[in-house]
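The structure appears below as structure tokens.
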Amino acid sequence: MHAESGSEIRSRCAADQSGAATPPASTCRGIVLTPLTAADLPAVLAIERVSFPSPWSASMFLQELDLALSRVVVARSDALLGYLCRWIVADEMQVLNVAVAPAARRRGIGAALVAEARREARARGCASLTLEVRRGNVAARGLYRSQGFAEVGVRPGYYARDEDALILRCVLTHD
Ligand SMILES: CC(C)(COP(=O)(O)OP(=O)(O)OC[C@H]1O[C@@H](n2cnc3c(N)ncnc32)[C@H](O)[C@@H]1OP(=O)(O)O)[C@@H](O)C(=O)NCCC(=O)NCCS
């Protein structure tokens, strides 16, 4: 997830999804989750730039709005506090980008965003969610562990400075 070049991620696109969007809004601990709109971009980019060494650009987020397989969910209370971008490819949800404003971290917003992705993946009949995370990203690895993800592989030297990407997966059960 969030490789140095977005094209690496985008090139993995193999199939589209069909079907209507899931319900547009939900609440969790005073946080409202809604789909990204163009009006949200300045706030999203401000978080993106302080969260990643190689932030996504405005045009990259705008491309996501035009992709049928993509959905970006933003979390807000009074202000926009975080977001998650996911794709659904065949029966797999790929989480491409998650970030929370530094001042709002450790308040459960990241967990709420990932839980919403899991809820949507289950509702759409996905078998699993997958993502990549830097080996050294302690916060993100803790978040994903707490949300049921387990390590299933490694991409050696995937990120800048030769840092490994860990491939994490959360397998969904359908009753
Ligand atoms: C990773 C990130 C999204 C987590 O968001 P968050 O809103 O702070 O996460 P939450 O408050 O929901 O935390 C959920 C759990 O994740 C783990 N966690 C979160 N931050 C952690 C940290 N700094 N150290 C260790 N564990 C952490 C904890 O288990 C936590 O539960 P707890 O608070 O009850 O202990 C946030 O730190 C961030 O935006 N980081 C920069 C961008 C980034 O690295 N994105 C992920 C790319 S793969």
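What follows draws every value from the coordinates through simple rules; no lab data is involved. Since we're looking at a predicted model, the values are computed, not measured. For neighbour counting, all protein chains shown are included, and Cβ atoms are generated from backbone atoms with ideal geometry for every residue, glycine included.
Key figures
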read-out	value
Ranked packing of 121-131, 49-59, most packed first, by mean Cβ within 10 Å	121-131, 49-59
Other-chain or far-sequence residues with amide H under 5 Å of residue 96's (modelled H)	85, 86, 87
Estimated inter-spin distance, residue 135 and residue 32, nm [label 7 Å along Cα→Cβ]	4.3 nm
Overall Cα dimensions of the stretch 30-175, principal axis frame, Å, largest first	41, 36, 30
Karplus (6.51, -1.76, 1.60) ³J(HN,Hα), θ = phi - 60°, over the stretch 134-141, in Hz, Gly and Pro reported as x	5, 4, x, 8, 4, 4, 5, 5
